[in-house]
Structures are given as structure tokens and as C-alpha cells.
């Protein structure tokens, strides 16, 4: 069977199975307190947002969540997700699936314009497809587009794609940004296009100061209507330490993410945060977990994996590591859409843990640690440096497992080394994160026995079959049935033990109005999904 694929946009927004998740809880040793922008009365109809790094603005080159967020302000796809995570038309005013689900016909709107004045047509959709399947395209996530047997322009505003067989993620794939066919093809494979991108989205790229700021301006010809806020200035600030002060005290910025530790300290100091800011808090789609290497002799026994899981108090991780800004996670799936409530949840139960360990042949030695045939039960828990969340979580887990007689040695690795450990399965137990995509078939990458991202060495013939069946049907009820069963099997065989989900906290100046909270939890599509409707009231 051909390898399973995911939508590039979904994958970028998950930011990778290791590298992107490494950013979870990271902190910088450098303190920045630079001027962000003029005072509100001088800014006028301009919004200043603080962002942690310089984004890549070429959709073919982008590899991280932040870049995807900014790109979504400049570009649109044929389709988009609405507030309830349903796929609806964006550049396409409508679309139809053939009866056999092998063909999609997109009908583009007639009032779409590139930022340089050219009209958006079906030729641009075809051009984007051709770029995606080009061998020069610098990402491996174009396999979904390679499933297309035929792509054609039916007329100026009609684009049609045909697949050999039904492909469940076909519609998801077309949320990818559509690129302008009237620009030189070679520019998309170099840094040139990203230095001054031309899109068709709500905001037009105006200027950039390297490692300082990016300026976007309202698109007067945007099909949903010109965004009411005339300019967006994205100020690059690698450290978020002073984000709150920049908005609430100095009033030199309007929007930024506020770290949960900062929020906790402000509340402890008695600061009335809501007096100066509107605070938006929602669950992020990424979650942290323990990965078990099933090739390891010690962990090959499912009773051992279950015992480790029962020994861990997830609630204490949320309370002490996340300081309450998060919640317990039970499944690797996007819970709102695909979570199966009928799974084994492994709530902390030390007695159950000790019972399972005894069944597996382990007993307490004189020093309090478990022994079997004269060998101590000792585990190495690996995670990456640069993350306070992961370090603290590892230390708490170390102490909790010690209580049931398991010795845990911590192995802190530089991110690139940690990634190498994961890819080459050199770990015993690892603490890392995944990001859930809207498409449940994304799980194929981690659990199908033939996939390279299956770092667990997990193999289950029924899971393989169900994953393959789901990828070939667009029947949502069947897909739900398949993925509910997969989750149950995963909870029984336990190649991973899910821990928690973080909350994202956004601070926004009270002068910004019109923000519409969304059920959407995909990075880049959530908090500012309706930014074209925001406005400023002084």
C-alpha cells in the first residue's frame, strides 16, 4: 500500500512530531525590553502584535506554527475550517464530490484578486498543485497531492481533481494556500518569494525589517470585505517575559501570548489583569506524553507499561508544572471531534501499579526498589533541554515512580540529539509532545507498523487495517467507528501514556474589538480566525 499522507497545512500546524512540540514550555535566558511601538493614540488604526521569532512567509518553505499563522493572513486556500471545524469554501464558493468520491470540482469566486491586481483563477489552483508535486518542493508532505490522477482547469473559475480511489484527506489538503501562477516558477523554490510574498488573503505584505518587524496592511479588495484594522505590525520579541507589561503598562503593543507562569505570578501579586487586558484562554491542540519503546526488553511486557501509567498522578503535573493552566489528556486524538470516552484512562492508582508489577515478577528489595532475578527495575527517561515544563514533569514522574519501587534516571538531551534518539529508537521512555490535526488519519504516521514516525515500534494488525480502511472512506460515521476502535486498542496495548494539554493565554488590549472566540483549536486558525472583522475603539 502507498504511504499514508496528511495535509501539509495540518502538518505544519502540528509543527512536527518532535521538533515542533519541543517548543512546549521553552524559555529564554535573554531578557528583552525593547520599545515595541508608539502609544495607542499615535498608533491609530494599527494593531501591534508581539511574536517570538521571524516567520517564513513562503508557504512552500514554512515549517512551523508561527509561520503558518502569519501566512494565513496573507494567503487563502480553496477551503477552510469554520468555527465548528467543518470544511467550507474559502476561495471556492462551492465544491462538489462525485458519487464515487474520487473527483472534486471547485467553483472559485469571481471577485478574487492577487495583491498585485491580477485576478485569481482556476489556473492558480492548477499551478499550486504542480508546485506541490514538483521534485524541487522542499517538504515531504506532498504525497497527498501525488494521489491525484488528473488535475485540470475546466474553465476560468472551475478547477477539478480526480483520484484513483477515495481519499479521506482530499478535502483537508485543499486548505493549503493557493499561489500566484503569474509569478516566476523558480522564485517559489528560493527565498525570493518569501521576502515579498504576493497573496490573495485579508492582509497585504508591506515591509520587513529582519529580526525586528513585519508590516501588513488591509487588503481593500478582499472578498469578505476589507479588514477594518488598517495595519498589522508584528514585532519580533524572542522572550515573552515583558509581554504583559508591553500591553497593560507601557501600552506599546496590543496583542501577545502571556505565559502561564507570568499569569500565575501576576495573580499572586494581586494584579487585576482584566482591568487593562481582555484575556482569552483556550486549550492548545498539542499534548505531552510518555513514549514507550516496545523493543526494550523491560517495556515489552504490557503489564509494566500499565503499572508505570497507574503510578503517575497527572493532576499533580497540571497543578504544579502548568500551575493550573492546562488539563489532563487521555487520548492522542483531537478530543472534540474524535475522542472515544470508552478507553482505559489510567487514573493514578499506586496499589494497582504494584499489583501489576508483582504479576510481572517484580518484588521490593532491601533498598525499596523493585528487583527481578537480582536485577533492579531501572528506567532511563529521556527528554529535551530548553523546556521547563518537560524538566519539571520528568522530575515529578521520577519521584512518583520511585514510590512504587521504580528507579528513574533522567537523560536531558539537546533538541537535535533528542530527535535522533527518537528517530533511531535509542530511548527507553521519552517525554515529548504531538500536535493533533483535525484529520484523524494523521494518526497513521504514528501507529501504522509500516511508518517511519512510529517511534514506539508498535505493531497491531487490526490497527493497521483500520487505519487503511479509514484513509479510503469519506463516510464520517465509519471513520469515527474505526478511530474509536483504534483508540481502545491503543489504550489497552499502551505504546504511549498521555499526560496533559496546555492552555494558551492571549492578552489583548481593550481597544481591540470584534474578537470572536472559536471552537477551532488548530494553531493559526483559532484565536484570530476572524481578524478581518476586528476593529479598534480608543
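Residues that are outside any loop (DSSP other than H, G, I, E, B), surrounded by 15 or more Cβ atoms within 10 Å (Cβ to Cβ), without any contact (Cβ under 8 Å) to a residue 40 or more places away in the chain and touching a strand residue (DSSP E or B) at 6+ places or on another chain (Cβ under 9 Å) do occur in the stretch 361-375, at least one of them. Note on the stretch 56-77: among residues that are touching a helix residue (DSSP H, G or I) at 6+ places or on another chain (Cβ under 9 Å) and over 14 Å from residue 193 (Cβ atoms), the one that is surrounded by the fewest Cβ atoms within 10 Å (Cβ to Cβ) is 63.
Against the numbered list (1) touching a residue at least 12 places away in the same chain (Cβ under 8 Å); (2) in contact with a strand residue (DSSP E or B) (Cβ under 8 Å, 6 or more places away or on another chain); (3) farther than 30 Å from residue 172 by Cβ, residue 387 comes up short only at (3).
Test residue 353 against the criterion of being at pLDDT 95 or above, assigned to a strand (DSSP E or B), in the same structural domain as residue 309 (by TED's automatic domain parsing) and buried (at least 22 other Cβ atoms within 10 Å of the Cβ), and give yes or no.
Values: at pLDDT 95 or above: yes; assigned to a strand (DSSP E or B): no; in the same structural domain as residue 309 (by TED's automatic domain parsing): yes; buried (at least 22 other Cβ atoms within 10 Å of the Cβ): yes.
When the stated conditions are applied, residue 353 does not pass them.
If you go through the stretch 435-451 and keep only what is under 20 Å from residue 296 (Cβ atoms) and either buried (at least 22 other Cβ atoms within 10 Å of the Cβ) or without any contact (Cβ under 8 Å) to a residue 12 or more places away in the chain (or both), you end up with just 447. The requirement of being modelled with pLDDT of 95 or more, closer than 18 Å to residue 61 by Cβ and in a strand (DSSP E or B) is fulfilled somewhere in the stretch 162-181, by at least one residue.
When the residues of the stretch 203-224 are narrowed to those that are in a loop (DSSP other than H, G, I, E, B) and in contact with a helix residue (DSSP H, G or I) (Cβ under 7 Å, 6 or more places away or on another chain), which ends up surrounded by the fewest Cβ atoms within 10 Å (Cβ to Cβ)?
Going residue by residue through the stretch 203-224, those that are in a loop (DSSP other than H, G, I, E, B) are 210-212, 219-224.
Okay, now just the ones that are also in contact with a helix residue (DSSP H, G or I) (Cβ under 7 Å, 6 or more places away or on another chain), so 222, 224.
On the way: 222: 20, 224: 14.
The selected residue is 224.
Say whether the condition of being loosely packed, with under 14 Cβ neighbours inside 10 Å and part of a strand (DSSP E or B) is met by at least one residue in the stretch 394-406. No. Would you pick out the residues in the stretch 486-513 that are in a helix (DSSP H, G or I) and touching a residue at least 60 places away in the same chain (Cβ under 8 Å)? Hits for the stretch 486-513 are 487, 488, 490, 491, 492, 493. In this entry, residue 135 is excluded by the filter for residues that are more than 22 Å from residue 439 (Cβ to Cβ), at pLDDT below 95 and more than 27 Å from the chain's Cα centre (by Cα).
Does at least one position in the stretch 421-431 carry a residue that is in contact with a helix residue (DSSP H, G or I) (Cβ under 7 Å, 6 or more places away or on another chain), in the same structural domain as residue 358 (by TED's automatic domain parsing), within 27 Å of residue 87 (Cβ to Cβ) and not in a loop (DSSP other than H, G, I, E, B)? No, every residue in the stretch 421-431 fails to be in contact with a helix residue (DSSP H, G or I) (Cβ under 7 Å, 6 or more places away or on another chain), in the same structural domain as residue 358 (by TED's automatic domain parsing), within 27 Å of residue 87 (Cβ to Cβ) and not in a loop (DSSP other than H, G, I, E, B).
Scanning the stretch 227-266 for residues that are touching a residue at least 12 places away in the same chain (Cβ under 8 Å), outside any strand (DSSP E or B), over 24 Å from the mean Cα position of the chain (by Cα) and surrounded by fewer than 19 Cβ atoms within 10 Å (Cβ to Cβ) returns 228, 230, 249, 250, 264, 266.
Within the stretch 182-199, does at least one residue satisfy the condition of being in contact with a helix residue (DSSP H, G or I) (Cβ under 9 Å, 6 or more places away or on another chain), in contact (Cβ under 8 Å) with a residue 12 or more places away in the chain, under 26 Å from residue 103 (Cα atoms) and assigned to a loop (DSSP other than H, G, I, E, B)? Within the stretch 182-199 (the criterion being in contact with a helix residue (DSSP H, G or I) (Cβ under 9 Å, 6 or more places away or on another chain), in contact (Cβ under 8 Å) with a residue 12 or more places away in the chain, under 26 Å from residue 103 (Cα atoms) and assigned to a loop (DSSP other than H, G, I, E, B)), the answer is no, since none of the residues qualifies. Reported count of residues in the stretch 78-104, each being assigned to a strand (DSSP E or B), buried (at least 20 other Cβ atoms within 10 Å of the Cβ) and in contact with a helix residue (DSSP H, G or I) (Cβ under 7 Å, 6 or more places away or on another chain), is 2.
Among the conditions (1) in a helix (DSSP H, G or I); (2) in contact with a helix residue (DSSP H, G or I) (Cβ under 6 Å, 6 or more places away or on another chain), residue 127 misses just one, which is (2). Just one of 321, 273 is touching a helix residue (DSSP H, G or I) at 6+ places or on another chain (Cβ under 6 Å) and surrounded by fewer than 20 Cβ atoms within 10 Å (Cβ to Cβ); which is it? On inspection, the qualifying residue turns out to be 273.
The values are calculated or read from the model by the stated rules, or taken from the named source; none is laboratory data. Being a predicted model, the structure only gives us computed values, none of them experimental. Positions of Cβ are generated from backbone atoms using ideal geometry, with glycine treated the same way; all protein chains shown enter the neighbour counts.
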